[in-house]
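Notes follow once the structure below has been shown.
The values are calculated or read from the model by the stated rules, or taken from the named source; none is laboratory data. Since the model is a prediction, treat every value here as computed from it, not as a measurement. FYI the Cβ positions are ideal-geometry reconstructions off the backbone, even for glycines, and counts take in every protein chain you see.
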Amino acid sequence: MTYLFFQTWVWLLLAFILGLLLGGFFCWLCCRNKKHETSYQTEQEPIKQSQAFVEPAPSSHVAPVVNKPVKTVSFLSEAPADIDDLKRIKGVGAVLEKTLNGLGIYQFKQIAEFTRDEVNWVDDSLSFPGRIDREEWIEQAKQLSAGIETEFSKRVDHGDVEY
């Protein structure tokens with residue numbers, strides 16, 4: 001009986017130590033991959049100079065703190081009447097199209113006019129770092145918004161691409 005009691009406690013202790021080690025490893029792994037979040041302003045009106053920067057602190061021993069201007073993103077708050085089929089861009093599937101729509105992106109024209117800050121913001125929001133550049137979304141969107149078909153959009157239109 002004493003043997004079983006001792007053996008049970010040894011196994012419980014080993015399981016506890018293993019749980020601590022695995023939990024610590026996964027916590028380290030998750031924290032290591034986190035990115036710094038950037039806040040963006042989604043209002044359509046321009047930022048006033050007084051809103052964009054904080055005045056330096058009057059104390060002489062403290063360095064002045066200057067906030068970066070808040071980015072104004074030109075994404076739509078509501079779906080327009082003429083929504084483009086974003087799946088015609090190579091790399092955008094049905095799920096990704098819904099996610100883009102949730103971010104206020106509905107038209108090729110919006111993607112064609114992305115700035116570097118907007119590309120970074122969308123990359124962070126989609127958890128696909130570099131995908132917009134790698135799959136050349138902006139170039140494809142420029143062609144599609146101008147009415148020029150791409151090879152991929154032709155395949156989508158003919159039903160050769162399944163989602």
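Points to keep in mind about this one:
- Qualifying residue in the stretch 26-34 (condition: assigned to a loop (DSSP other than H, G, I, E, B) and either surrounded by 10 or more Cβ atoms within 10 Å (Cβ to Cβ) or modelled with pLDDT of 50 or more (or both)): yes
- Filter pass, VAL156 being surrounded by 15 or more Cβ atoms within 10 Å (Cβ to Cβ) and without any contact (Cβ under 8 Å) to a residue 24 or more places away in the chain: no
- Scan the stretch 123-146 for residues that are outside any helix (DSSP H, G or I) and closer than 14 Å to ARG88 by Cα and the total you get is 3.
- In the condition set (1) over 13 Å from LEU86 (Cα atoms); (2) free of Cβ contacts under 8 Å to residues at least 60 places away in the same chain, ASP124 is compliant with all but (2).
- Residue list for the stretch 82-130, filter: farther than 18 Å from GLN140 by Cα and of a type in the set (D, E, K, R): ASP82, LYS98, ASP117, ASP124
- Filter result for the condition that a residue is modelled with pLDDT under 90 and either in contact with a Lys or Arg (Cβ under 9 Å, 6 or more places away or on another chain) or part of a helix (DSSP H, G or I) (or both), over ASN120, ASN101: ASN120
- Among the residues making up the stretch 128-163, those that are of a type in the set (A, V, I, L, M) and modelled with pLDDT under 90 are VAL156, VAL161.
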